[in-house]
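Read the structure below first, then the notes.
The values are calculated or read from the model by the stated rules, or taken from the named source; none is laboratory data. This structure is a prediction, so every number in the text was calculated from the model and none was measured. Neighbour counts are summed over all protein chains in view; Cβ atoms, including those assigned to glycine, are modelled from backbone coordinates with ideal geometry.
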Amino acid sequence: MLGVSSSARRHVISRAYLREIGQHLLLVLGGATFLASLAAAVRASSTSQGAPLWISLSLLPLLIANVLPYLIPIALMTAVVICYGRMAADGEATALRVAGVSPWRLLFPALIAGATVGILSYPLSSQLIPRAYEQMRVLSNRLKVAALENTNPGSSGLHFRGLDMSWSRVAADGSFLDVVLTHQDSRNHRAFAFDALDTELNPNDPGKGRLRLRADRATMALGEGQMEFTFWGMRTISEGVDGQSAWSLRNTGPAILRFDLDGILGEYGMPDKGDLYTSSEMRHRLSNPGEVISPVLEHAFRYTLMRRVVIALAAIPMAMLGALLGWRMRKSGLLGAFLGTFALLLFLYYPLFLLSDSLSLRPQINPELAALVPLIGLFIACVFGSRWLRRC
């Protein structure tokens with residue numbers, strides 16, 4: 001590079017290494033995402049039996065989005081290790097240091113790559129992933145209803161939110177033969193109402209509890225927010241929560257059992273967990289003086305908000321550790337890069353976040369401080385790694 005200043009040469013070198021890291025990052029992330037999409041397709045097809053095709057296709061990107069927070073650190077670390085391992089193996093690092101380029105200057109592309117990944121991943125964890133959780137919950141409920149609407153002809157039972165029904169075989173007209181049905185109401189909601197067509201029975205009399213019945217034949221129909229069973233030759237008993245028999249009967253004519261699907265699904269609304277809310281929603285709830293939230297939920301919100309920032313910032317020290325690891329491994333090749341990356345993630349990165357999650361469960365510990373534990377641990381690891389760099 002005759003006629004080019006040393007500063008310009010350094011910028012050219014930095015851009016070249018940054019481009020190489022970016023190429024490896026896209027390659028590794030694309031390959032890992034492809035493998036994750038295959039696993040997601042298998043899971044979507046297995047959990048959406050009987051559902052329309054659009055539900056299975058809608059589940060696929062949501063399942064992939066759920067694993068992206070785990071794939072991005074792997075891809076970043078692997079890309080940096082491969083780049084700096086090749087640099088060391090080809091002697092480029094030695095040649096550049098002889099030319100007057102400091103080792104810290106050689107780390108600059110890795111730090112820029114880590115900062116870029118952190119900036120891009122923060123909206124993913126703070127906005128997109130919580131939205132994906134919400135859509136997953138909606139589709140999961142829709143899947144359960146679709147499975148009821150399209151019962152597998154080869155199956156011999158169905159299970160839905162405390163309702164369990166089994167049968168010996170399915171008749172040609174679609175009715176179920178030799179049926180056993182049980183249902184356990186929750187303590188806060190009564191999901192079924194009984195109406196025996198040929199008996200004198202008040203459907204509001206039965207107490208909440210466990211319903212058990214057998215029938216010679218049964219049919220099932222789904223309406224607007226209701227699931228209705230019609231039984232012939234029914235024998236049944238319902239037990240209250242204290243063990244008393246609320247009602248029992250035998251009849252040979254038809255009897256109808258209706259389940260409130262909307263009520264059952266409504267019991268499983270959004271739980272109060274920080275991961276299920278976007279960062280803007282949590283900030284709004286924390287700053288809104290008109291909304292009263294429990295101390296436990298406030299603690300969880302504060303921890304989750306800081307944890308998402310820490311996950312983004314952690315990409316910078318992870319990129320630095322990847323560069324140091326690549327220099328140390330030198331000619332280990334692609335397999336060595338993957339093994340070194342997984343070892344660093346398995347024994348340092350993920351344990352630090354698990355420790356942080358454990359500390360966040362203790363109300364006496366400041367949630368922001370608990371969330372900062374992984375960043376502090378990674379910073380300490382970088383300090384120890386830089387001791388080797390000073391000897392280069």
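In the stretch 58-72, the condition of being of a type in the set (S, T, N, Q), part of a helix (DSSP H, G or I) and within 29 Å of the chain's Cα centre (by Cα) is met by at least one residue. Residues in the stretch 326-361 that are of a type outside the set (Lys, Arg) and more than 23 Å from Ala32 (Cβ to Cβ) were compared, and the one that is modelled with the lowest pLDDT is Trp327. Scanning the stretch 263-297 for residues that are modelled with pLDDT under 90 and touching a Ser or Thr at 6+ places or on another chain (Cβ under 7 Å), we see that the one that is farthest from Val138 (Cα to Cα) is Gly274.
Within 17 Å of the chain's Cα centre (by Cα) and of a type in the set (Lys, Arg), is that true of Arg43? Taking the combined requirement at face value, the residue satisfies it. Only a single item in (1) within 24 Å of the chain's Cα centre (by Cα); (2) in a helix (DSSP H, G or I); (3) hydrophobic (A, V, I, L, M, F, W, C); (4) at pLDDT below 80 is not met by Ala300, and it is number (4). Regarding Arg283, is this residue assigned by TED's automatic domain parsing to the domain that holds Cys83, in a helix (DSSP H, G or I), of a type in the set (D, E, K, R) and within 24 Å of the chain's Cα centre (by Cα)? Yes; evaluated as a whole, the condition is true for this residue. Residues in the stretch 378-392 that are in a helix (DSSP H, G or I) and either exposed (fewer than 14 other Cβ atoms within 10 Å of the Cβ) or touching a Ser or Thr at 6+ places or on another chain (Cβ under 9 Å) (or both) were compared, and the one that is modelled with the lowest pLDDT is Arg390. With respect to the conditions (1) at pLDDT 80 or above; (2) over 23 Å from Met234 (Cβ atoms); (3) surrounded by 18 or more Cβ atoms within 10 Å (Cβ to Cβ), Met165 lacks only one, and its number is (2).
Take Pro374 and decide whether it is exposed (fewer than 15 other Cβ atoms within 10 Å of the Cβ) and in contact (Cβ under 8 Å) with a residue 40 or more places away in the chain. No. Screening the stretch 168-262 for strands (runs of 3 or more DSSP E) wholly inside it with 1 or more residues that are modelled with pLDDT under 65 and of a type outside the set (Asp, Glu) returns the ranges 192-196, 209-222, 226-240, 245-260.
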